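So the structure is just underneath, and the comments pick up after that.
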Amino acid sequence: MEHQQAVQFTTTDQHGNTITLEQYRGKKVVLYFYPKDMTPGCTTEALGFQDLYNTFKKHNTEILAVSKDNQASHQKFCDKHGLEFPLLVDEDGTLVQAYGVWKEKSMYGKTYMGISRESFLIDEHGVMVKHWDNVKPATHPQEVLDYITNM
């Protein structure tokens with residue numbers, strides 16, 4: 001998936017604003033997928049990105065987070081934790097399918113389909129330059145920032 005054009009999309013964020021990948025042309029975009037609003041790992045990861053958000057912006061980079069939660073859930077998550085970056089609504093799973101992060105998972109011996117915690121770095125021209133899978137919520141935001149800083 002690296003070094004190919006990123007899949008274009010149009011969706012809405014926690015405020016109901018229309019968001020397209022195309023509108024971020026000229027900036028780097030960290031597109032990160034997470035399983036569910038308000039869960040411990042997802043909260044840790046979101047807070048990590050929020051803590052570094054201004055530093056990402058100094059590096060001409062926008063953070064876009066995606067889950068299958070609805071707009072109201074995203075808004076509540078942002079309000080509770082002071083998240084300032086867009087949380088993209090993907091209730092129908094279009095984005096998780098397009099980016100290949102809808103995968104079989106297992107917990108307590110049961111298998112089910114869910115969002116794999118993965119991130120993609122898209123450059124200023126819309127090209128996917130890095131894919132992280134097997135993401136650790138506590139360290140991933142700094143890992144991504146370090147990668148961008150060293151590009």
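No value in this document is a laboratory result; all are computed from the given coordinates. None of the values given here were measured: they were computed from a predicted structure. Cβ sites come from the backbone with ideal geometry, for glycine too, and all protein chains shown count toward neighbours.
The charge dipole of the range 16-105, taken about the Cα centre with unit charges on the Cβ atoms of Lys, Arg (+1) and Asp, Glu (-1), comes to about 280 debye, rounded to the nearest 20. Taken about its Cα centre, the chain carries a charge dipole of about 220 debye when Lys and Arg each add +1 at the Cβ and Asp and Glu each add -1 at the Cβ. For Val96, the shell of other residues with beta-carbons less than 15 Å away shows a net charge of -3, using +1 for Lys and Arg and -1 for Asp and Glu.
Expressed as a whole percent, the proportion of Cα-Cα pairs in the range 4-149 lying more than 25 Å apart is 20%. The range 113-144 and the range 81-106 have their alpha-carbon centroids 12 Å apart.
For a straight C-alpha distance cut-off of 17 angstrom, the aspartates and glutamates reachable from Lys57 (same-chain residues fewer than eight places away being disregarded) are Glu84, Asp123, Glu124, Glu143, Asp146. Computed over the alpha-carbon atoms, the range 9-92 gives an Rg to Rh ratio of 0.93, Rh here being the Kirkwood radius from the mean inverse distance. Net charge in the neighbourhood of Glu124 (other residues with Cβ under 13 Å of its Cβ; Lys, Arg +1, Asp, Glu -1) is 0. Separation of the alpha carbons by more than 19 angstrom is noted, of Lys36/Lys76; Lys58/Lys136; Lys76/Lys110; Lys103/Lys136; Lys76/Lys105, for Lys58/Lys136; Lys76/Lys110; Lys76/Lys105.
I'd like the antiparallel share, as a percent to the nearest 5, of DSSP beta bridges with both residues in the range 4-149.
Roughly 70 percent of the DSSP beta bridges within the range 4-149 come out antiparallel.
What is the packing order of peptides 86-94, 2-10, taking the mean over residues of other C-beta atoms within 10 Å and listing the highest first?
Numbers: 86-94: 18.2, 2-10: 13.2.
Ranking the peptides 86-94, 2-10 by packing returns 86-94, 2-10.
Below 10 angstrom from the Cβ of His3, what's the summed charge of the other residues (Lys, Arg +1; Asp, Glu -1)? Intermediate values should be presented prior to the final figure.
Details: positive: Lys130; negative: Glu2, Asp123.
Net of charged neighbours comes to -1.
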